[in-house]
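Report on one structure; see the data block that follows.
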């Protein structure tokens, strides 16, 4: 109980609007102030004071799924090609296209309460253009994501969308690219700022550029001035209940996925990341203790060719990194500062040939006398080519005995992550 109270104490700075909250908002008017306050309340409500219960539930689902399907996982034959419990929830169904919202029942981990646009209307994107930032054309993705009501957004056909400026989303939306080959590329990225309940599924996001800013509509009833965007593929800013699944990402001007400013209740799953330097940043500042509320699950992802570091880099919060495949890095895989809690379970880490880069972990801005008290644990991880994980924290603090059962060991990772990235789904067939 004492540990829980200490966690809650550091949330106090988030009760006040601080200058960093206005990032990229040129005019922090009454509308944005209201959104920021609503986001603060949503984050505090979404925060789980017992994160070990979430990791326990996740690991049980993995065990249940893999134990009774193991013989079927090595081949593409059979009625279902799902290889992990998230995919098994929906991919084996041939009617996925007529029952798209079933997907919202499948998220696990800290984002498990995310339902996106479930219960709302289907919105079909028919137009790949993005020419008017203030009055977006009906049928475009920008017009879809600014609507006030819950929407399940799909695509009429394959398309490559070049966003002229960052795509600012409203709450209760699903972007579902199943059945089409949809690229967000060569322009700005997606911004989830002061929103809740978002699902992003099945997109290719790559070659994202810095946006110039200007007047941009951020809801059906409001537009305002934005400063330059950072060039993230997906920027999660003061947002809660977010699920990012089966996304293929590479080569963005800044991070592939950044989650900052007390964003929480997030799951990032089944994604394929390639060709990027700073992959994922969770918590942007050592000085913003409001990020102690951050709780993120990173699972079933493949960290592939051409990656350098930050898979992820964490500050303050609680991070469950489980059953991912790390086949490439140039500097390190998992890093952090400001005493984040990191539970690494059942990942495969293949170190690069460079003798100086075999360590999976990296602690920044703190001497060993400080970071040795941070809780960083490795359980069931498969270390290859000389990879090693430097543990820290109370040696008697054993998650497997005290809080959670073990995840599947790292030897299972190749099958659990076999279908990471955007999928090629055909209507009338299992995906």
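The values are calculated or read from the model by the stated rules, or taken from the named source; none is laboratory data. Fair warning: this is a prediction, and the values are worked out from it, not measured in the lab. Reconstructed Cβ throughout: ideal geometry from the backbone, glycine too, with neighbour counts over all protein chains shown.
Determine if segment 333-344 includes at least one residue that is under 13 Å from the mean Cα position of the chain (by Cα), in contact (Cβ under 8 Å) with a residue 24 or more places away in the chain and not in a helix (DSSP H, G or I).
Checked segment 333-344: no residue is under 13 Å from the mean Cα position of the chain (by Cα), in contact (Cβ under 8 Å) with a residue 24 or more places away in the chain and not in a helix (DSSP H, G or I).
Looking only at segment 246-259, which residues are at pLDDT 95 or above and surrounded by 24 or more Cβ atoms within 10 Å (Cβ to Cβ)?
Residues satisfying the conditions are 246, 247, 249, 252, 256, 257, 258, 259.
Looking at the structure I just gave you, is residue 300 within 30 Å of residue 44 (Cα to Cα) and in contact with a helix residue (DSSP H, G or I) (Cβ under 9 Å, 6 or more places away or on another chain)?
For residue 300, the condition - within 30 Å of residue 44 (Cα to Cα) and in contact with a helix residue (DSSP H, G or I) (Cβ under 9 Å, 6 or more places away or on another chain) - is met.
Please work out if residue 352 is touching a residue at least 24 places away in the same chain (Cβ under 8 Å), assigned to a loop (DSSP other than H, G, I, E, B) and out of contact with any helix residue (DSSP H, G or I) (no Cβ under 9 Å at 6 or more places or on another chain).
The answer is yes for residue 352.
How many of the residues in segment 202-217 are under 26 Å from residue 114 (Cα atoms) and surrounded by fewer than 24 Cβ atoms within 10 Å (Cβ to Cβ)?
3
Could you grab the pairs with beta carbons closer than 7 Å, sequence gap of 6+ or different chains, first residue in segment 30-43 and over 14 Å from residue 237 (Cα atoms), second one at pLDDT 85 or above and outside any helix (DSSP H, G or I)?
Close Cβ pairs satisfying both conditions: 31/222.
Which one of these does residue 365 not meet: (1) buried (at least 18 other Cβ atoms within 10 Å of the Cβ); (2) more than 22 Å from the chain's Cα centre (by Cα); (3) on the phi > 0 side of the Ramachandran plot?
Of the numbered conditions (1) buried (at least 18 other Cβ atoms within 10 Å of the Cβ); (2) more than 22 Å from the chain's Cα centre (by Cα); (3) on the phi > 0 side of the Ramachandran plot, the odd one out for residue 365 is (1).
Just one of the numbered conditions (1) modelled with pLDDT under 95; (2) assigned to a loop (DSSP other than H, G, I, E, B) is not true of residue 422; which one?
(1)
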